[in-house]
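Below is one structure, written out as structure tokens; comments come after it.
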Amino acid sequence: MKKATFIIITFSLCIMLLGFVLVRPEKTEQEGTGIGNKAPELNVPNPDGKNIALSSLKGNIVLVDFWASWCYPCRMENPNVVRAYQKYRNLKFRNAKKGFTIYSVSLDTDKNAWIKAIAKDKLEWENHVSDMGGWRSEAARKYGVNSIPTNFLLDAKGVIVAKALRGEYLEMELEKLLADKK
């Protein structure tokens, strides 16, 4: 009797273990700022006061770019960002319904300086946002931003695929995401 009970218990445990292995819960995307994480949602006002949600750009490859008008390294990096935008905005990307766009998050506290910098640096994309909080910006806090310029490249599903891309590295990462690249 003891041997039969042992066999039944062992068999039952094996069936339960097999069930755990075969029936895994669906993998959920973890939100965070690491590569492979779903990017935290942002919903920040543009210069006209209208909030723009980062999630409204899904379907695009998106560069979330943190900068400020008073930041010299940011201003020196802006020509690289403009060049990438002009080159890639209308191209086709893997798993994307749209092209490439930029969600510029300014850490400015002076609205006029911010607007003048957008014009002077010819930042021609539409998605410029700032809560005018400077370093106390909610967006910067959510993304753990403690120095600028910094950025996060998102795929069409809003997952971070690269970050801290400056100079030619932004274009190198965009090239990897093009539809005709393997």
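Read the figures in this text as sums done on the coordinates, not as results from a lab. Here the structure is a predicted model, which means the values were calculated and not measured. Note that we place each Cβ from the backbone using ideal geometry, even for glycine, and neighbour counts take in every protein chain shown.
Using 7 Å Cα-to-Cβ label points, what is the residue 38/residue 110 separation (nm, one decimal)?
It is 4.0 nm.
Based on Cβ point charges of +1 for Lys and Arg and -1 for Asp and Glu, what charge dipole magnitude is obtained for the stretch 55-182 about its Cα centre, in debye rounded to the nearest 20?
400
Where a Cα-Cα gap under 17 Å defines reach, which aspartates and glutamates qualify for residue 92, not counting those fewer than 8 residues away within the same chain?
Residue 92 reaches 155, 171, 173, 175, 180.
Determine, for 129, 82, the number of other Cβ atoms within 10 Å of each Cβ, and report the residues in order from fewest to most.
82, 129
Among 132, 172, which comes first, second and so on when ranked by fewest other beta-carbon atoms within 10 Å?
172, 132
Rg (Å, one decimal) plus Dmax (Å, integer) for the alpha carbons of the stretch 31-177?
Values for the stretch 31-177 (Cα only, Rg and Dmax): 13.8, 39 Å.
Of all GluC sites (Glu not before Pro) in the stretch 75-182, which ones are in loop regions per DSSP and have a Cβ with at most 13 other Cβ atoms within 10 Å?
The qualifying sites are 124, 126.
In nanometres, what is the gap between the two model label sites at residue 142 and residue 159, each 7 Å from Cα along Cα-to-Cβ?
2.0
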